[in-house]
Amino acid sequence: MSRIAYVNGRYLPQRAAAVHVEDRGYQFSDGVYEVCEVRGGRIIDQRRHLARLKRSLQELRIEMPMSEAALAIVMRECIRRNRVRDGIIYLQITRGVAPRDHGFPPPGTRPSVVVTAHGIDVVGNERIAADGIAVITVPDNRWQRVDIKSISLLPNVLAKQAAREKGAKEAWFVDGGGHVTEGSSSNAWIVTRSGKVVTRPADNGILRGITRTVLIDVIRAQGLEFEERSFTVEEAYGAREAFLTSASQIVMPVVRIDDRPVGNGAPGSVATALRAEFHHHAEWT
Ligand code: PDD
């Protein structure tokens, strides 16, 4: 079955789906995106993802090209047409097509919208979570507005590749003060030796992950101690547990950082419990 993509009003087989060569996303990374988890054919935390999408667009002064309700229908239709039960839905909006010029295009230029959906290997992911993953640390060389979910991801691409080349699954960015900001495509967490769950405040230095937001609810509901503060790489090396969060990985235990075992080198009980609990607190659409 050919995968179907939504592109500017049409559902097309992916091999025939295309955007113009002068799309500003292609030429300038001038756009934003969202990734939602699909589970059992339903979209997880759609409302929050669409709210973040709207905020990203506002921050970049790109107009929302259609209503939230219309976008939700397109998302649902992409899931249906691609027969996705468990997977990912990807949504991208750029400032549209115009002759190449760094300044904004003429008023009335329509933003481009692309939506795709594909299945993921849930059983495989559970197996990975049962073993935990390795991360490396890299200097955070990104711009100052990573709170915007922009498609401009070159430092993230290079960081992820550096991780892969070292046999790791994720790279954690580290700021000039030696504090972990976040992963190349996830938020970073530790559990201290005294059992406190710690993650960096969602200022401009990280993306405010939707999984992160929901997980804070889970942590509070479970009566765990929680602290929203920065932590250093050294603290992470010595933590009892570490994990990361994202829509595609949910809660993923981290068992090695820069080749040093975290805790006893196996997924921790807090991360494992939070992973099991997450979907009870998420919104299902
Ligand atoms: N990444 N930080 C960064 C830099 C991210 O790219 C992501 C998500 C997150 C976690 O956000 P959320 O919990 O809303 O998924 C944090 C997506 C999954 C991606 O780029 O594929």
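The values are calculated or read from the model by the stated rules, or taken from the named source; none is laboratory data. No experiment lies behind these values; they were computed from the predicted model shown. Cβ coordinates were reconstructed from backbone atoms using ideal geometry, including for glycine residues, and neighbour counts include every protein chain displayed. Calculation scope for accessible area: heavy atoms of the full protein, side chains included, ligands and nucleic acids excluded. Shrake-Rupley method; radii C 1.70, N 1.55, O 1.52, S 1.80 Å.
The figures follow:
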item	result
Criterion (within 27 Å of LYS169 (Cα to Cα) and either more than 13 Å from the ligand (Cβ to nearest atom) or surrounded by fewer than 16 Cβ atoms within 10 Å (Cβ to Cβ) (or both)) met by exactly one of GLY96, GLY124, GLY108, GLY87	GLY124
Selection within segment 229-249 - open to solvent by 10 Å² or more (accessible area, probe 1.4 Å) and under 24 Å from GLU34 (Cα atoms)	SER246, ALA247, SER248, GLN249
Elements of type strands (runs of 3 or more DSSP E) contained in segment 111-204, each with 3 or more residues being farther than 21 Å from LEU274 by Cα and assigned by TED's automatic domain parsing to the domain that holds TYR11	112-119
Tabulated pairs, segment 4-25, first closer than 18 Å to ILE73 by Cα, second hydroxyl-bearing (Ser, Thr, Tyr), C-beta under 9 angstrom, 6+ apart or interchain	ILE4/TYR11; ILE4/THR116; ALA5/TYR11; ALA5/THR116; TYR6/THR116; VAL7/SER112; ASN8/SER112; LEU12/TYR6
Filtered residues of segment 167-205 (kept if surrounded by 14 or more Cβ atoms within 10 Å (Cβ to Cβ) and over 16 Å from the mean Cα position of the chain (by Cα))	ALA168, VAL174, ASP175, HIS179, VAL180, ILE190, VAL191, THR192, LYS196, VAL197, VAL198
Neighbours by Cβ (under 6 Å, 6+ apart or cross-chain): first from segment 227-252, over 14 Å from GLY183 (Cα atoms) and more than 15 Å from the ligand (Cβ to nearest atom); second open to solvent by less than 10 Å² (accessible area, probe 1.4 Å) and of a type in the set (Gly, Ala, Ser)	GLU241/ALA271
Top-ranked residue of segment 206-226 - restricted to ones that are polar (S, T, N, Q) and open to solvent by less than 50 Å² (accessible area, probe 1.4 Å), ranked as farthest from the ligand (Cβ to nearest atom)	THR213
Hits in segment 205-224 (condition: hydrophobic (A, V, I, L, M, F, W, C) and in a loop (DSSP other than H, G, I, E, B))	ILE206, LEU207, LEU224
Lone qualifier among ARG61, ARG24 - being modelled with pLDDT of 95 or more, more than 16 Å from the ligand (Cβ to nearest atom), open to solvent by 30 Å² or more (accessible area, probe 1.4 Å) and assigned by TED's automatic domain parsing to the domain that holds THR116	ARG61
